[in-house]
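The values are calculated or read from the model by the stated rules, or taken from the named source; none is laboratory data. This is a predicted model, so every value here is computed, not measured. Cβ placement follows ideal geometry from the backbone for every residue including glycine, while neighbour counts extend to all protein chains displayed.
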Amino acid sequence: MNDVLPAEMGAWRHLEQVARAVLDAYGYEQVQVPIIEHTELFKRSIGEFTDIVEKEMYSFQDIGGDSLTLRPEATAGIVRAVISNGMLRGQRHKLWCAGAMFRHERPQQGRYRQFHQIDVEAIGYPGPDVDAELIALSARLWRALKLERVQLTINSLGTPAARARYREQLVEYFRAHESALDEDSRRRLLGNPLRILDSKNPHMAGLIEAAPLLSDYLDEESRLHFAELRAALDSMGIPYVVNPRLVRGLDYYSRTVFEWITDALGAQDAVCSGGRYDGLIGQLGGEATPAIGFALGMERVVALLRQSGSLPAASVPDVYLVVSGERAQRAGLRLAEQLRDALPGHGVMLNLGGGNLKTQFRRADRSGARLAVILGDEELDRGVAAVKPLRQEGGQIDCPVEMLAERIAASL
């Protein structure tokens, strides 16, 4: 699990602010759901034979004897919240949340056991128009973040019935080549054979390439849905690649699935993944309701932002208040608050912890502030403060305290 230190937080804040603005523009409302849910929720939604449920969940028994789990993803919790709070009954919702998720994976660059996601869900929309708009939303987010090294891949998983027919053929194919399967794939063959297609083992690449294609088993309605999605993406000028091996690792997906991938982060190439889950709400006890969503990996997007150099400049104070003398130090607290009141949107940093003038000016320079305001006991007696530019040429001038905010505003 990973610490995020102050030097990195600017990138995180930038991502959150840009994402919030894009989501607001598309009419999505923010929700919060618990970090802990009943274990059974994830078993029923994600699937008992997925890697997440079998190997990666942080589950424990609480003092009352209930089996609880730190959420490995957010969709199941949002669906549970929609059902338990009576938000269905023919209603439609556009929702999003952000926060920590937990999976006991092997830590590596871009993959941590505590990681953070922005999760976006459209509930009650049958699509494919909402599928296209949700993908357009994610494309707009990349543009707003000035990220270019991302590529959209899409596929259709069809209905559960079509997938069941395909599953039979896939199991038959891999059983005929079982000696060539690695240990993970043999285990998946018994419970979740579609996940074998997602194997990153290079020794199995040829075997996977020759496997039957899901697209050959799609029902007609799913074919039409996928064709309309592609036509909508074409009309919006959003480039994509159809990847017939894209299956996603969660059992609840149906029809449209998509991933945004990058070649800039090594093995962890997926930065945003999602798809349609029309059967999940009914499966968890709610009214049968169509839905689609995606999750964006914040650590990976932050890594892309830092690598691309597209981050805005770090936030720095506009004014550094230098104080010298016992009375000036006390008055400095009051003056700093007065300046913050009078200059909304401008940062005012007060020197704290003492120090001679040389030390304080060194701190002021390190802060990045554009102006220093100097208040000493002698200035206090005269009712003035000195203003000195720190980033450009210019001499120090005295200014009456009552006109200080106006002078600073003009200088900035």
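Here GLY325 passes the criteria (1) within 30 Å of GLY353 (Cα to Cα); (2) modelled with pLDDT of 95 or more except the one numbered (2). Please enumerate the residues belonging to region 289-339 that are assigned to a loop (DSSP other than H, G, I, E, B), of a type in the set (Gly, Ala, Ser) and over 25 Å from ILE118 (Cα atoms). The one that is assigned to a loop (DSSP other than H, G, I, E, B), of a type in the set (Gly, Ala, Ser) and over 25 Å from ILE118 (Cα atoms): GLY325.
For first residues located in region 268-284 and over 13 Å from PHE115 (Cβ atoms), partners that are of a type in the set (S, T, N, Q) and in a loop (DSSP other than H, G, I, E, B) and lie 6+ apart or on another chain with Cβ distances below 9 Å form the pairs ASP269/THR262; ASP278/THR159; ASP278/THR289; GLY279/THR159; LEU280/THR289; ILE281/THR289; GLY282/THR289.
Residues in region 105-137 that are touching a Lys or Arg at 6+ places or on another chain (Cβ under 6 Å) and part of a strand (DSSP E or B): how many? Total satisfying the criteria: 1.
A quick yes/no check of all residues on (1) of a type outside the set (A, V, I, L, M, F, W, C); (2) under 18 Å from GLY274 (Cβ atoms); (3) not assigned by TED's automatic domain parsing to the domain that holds PHE294:
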position	(1), (2), (3)
LEU15	no, yes, no
ARG20	yes, no, no
TYR28	yes, yes, no
THR50	yes, yes, no
GLU56	yes, no, no
GLN61	yes, no, no
LYS94	yes, yes, no
PHE102	no, no, no
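When restricted to residues that are under 25 Å from SER315 (Cα atoms) and part of a strand (DSSP E or B), region 350-384 contains 6. Elements of the type helices (runs of 4 or more DSSP H) sitting completely within region 170-262 and holding at least 1 residues that are charged (D, E, K, R) and either surrounded by 21 or more Cβ atoms within 10 Å (Cβ to Cβ) or assigned by TED's automatic domain parsing to the domain that holds PHE42 (or both): these cover 183-191, 220-236.
For region 287-344, a residue qualifies if it is within 18 Å of the chain's Cα centre (by Cα) and aromatic (Phe, Trp, Tyr), and exactly one does: PHE294.
Number of residues in region 37-51 that are touching a residue at least 24 places away in the same chain (Cβ under 8 Å), buried (at least 17 other Cβ atoms within 10 Å of the Cβ) and of a type outside the set (Phe, Trp, Tyr) equals 9.
What is the residue count in region 263-279 for residues that are among the aliphatic types (A, V, I, L, M), at pLDDT 80 or above and surrounded by fewer than 24 Cβ atoms within 10 Å (Cβ to Cβ)? Of the residues in region 263-279, 3 are among the aliphatic types (A, V, I, L, M), at pLDDT 80 or above and surrounded by fewer than 24 Cβ atoms within 10 Å (Cβ to Cβ). Taking the listed residues ARG149, ARG140, the one that is basic (Lys, Arg), assigned by TED's automatic domain parsing to the domain that holds VAL242, part of a loop (DSSP other than H, G, I, E, B) and in contact with a helix residue (DSSP H, G or I) (Cβ under 9 Å, 6 or more places away or on another chain) is ARG149, with no other qualifying.
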